[in-house]
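Structure, as structure tokens:
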Amino acid sequence: MATTPQQTYIPSKVVKSEYPLIDNDPHFKRVVGYARTSDYIHGAVATAAGPGLLWTMEKFAPSHVGRGGFARAMRLAGVIGVFGGFLYFYQRSCLRFYGMSENSREVEMDMREMVDKVKAGQPLYGESKLTPHMQGVAARQSRYSALFTAVLPWFNFVNHNQHGVDTAKYYQRAEQELEAERLGKTVSS
């Protein structure tokens, strides 16, 4: 009995939003690399909120936990705050990739990064050691995952080519820039 090959690419649904979609499954490094200063500030405030609120509650309504009890609670609140602050920072950056918040800076950064890769002859989204089928599985598992971060944090660490955008725009821009460079050098010669 012959088995049919499994389909590795399933087109993703594009969520309609006010801003352009950059990537519906951004790699972890891109999310962190494209983060704005405001993302870091929001993440830091969220990190400090846990221990800060616990300390404030202790001042207004002491728990009288005894020697060392409050210090342990503060350490735990600090660890939870760090995780929560990072997830908030990460989600804010991801929402710009999805086009769910203002993302003009990220659109320009994405175009520049991808056009430079096209000019250098590199794969747009990096090289992967996984089979195309496993890349598809990874893409389907982490696509739009930042929308569910509060319930289950899930990050994309896999390089694959399934990002929900038409990559032709990168190649067209690279051709335009190469042509402009060629004409600029010819005119200046």
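Please give the contour-minus-distance gain from A48 to E181: 0.36 nm per residue of separation, less the Cα-Cα distance, rounded to one decimal in nm.
42.9 nm
Taking all protein chains into account, the per residue accessible area for the chain stands at 65 Å² (1.4 Å probe).
Taking every lysine pair in the chain that is 8 or more places apart or spans two chains, those with Cα atoms closer than 29 Å amount to 19. Label zone of W55 (point 7 Å out along Cα→Cβ, amide N under 20 Å): in the range 67-103 this covers 67-86. How large, in percent, is the carbon and sulfur part of the accessible surface of the chain at a probe radius of 1.4 Å? So the carbon and sulfur contribution to the accessible surface is 63 percent.
Dividing the Cα radius of gyration of the chain by 2.2 N^0.38 Å, with N the residue count, gives 1.40.
Between A71 and E108, residue separation times 0.36 nm minus the direct Cα-Cα distance comes to 8.7 nm. If only the Cβ of Lys and Arg carry +1 and only the Cβ of Asp and Glu carry -1, the dipole of the range 59-189 around its Cα centre is close to 840 debye.
Put simply, when 65-78, 45-58 are sorted by average Cβ atoms within 10 angstrom per residue, most first, you get 45-58, 65-78. Need the C-alpha centroid separation for the range 13-38 versus the range 73-131, integer Å. One Cα centre to the other: 6 Å.
The values are calculated or read from the model by the stated rules, or taken from the named source; none is laboratory data. On a predicted model such as this, the values are computed, not experimentally measured, just so you know. Cβ: placed from backbone, ideal geometry, glycine included. Neighbour counts: every protein chain shown. The area values use the complete protein model at the heavy-atom level, side chains included, leaving out ligands, DNA and RNA. Shrake-Rupley method; radii C 1.70, N 1.55, O 1.52, S 1.80 Å.
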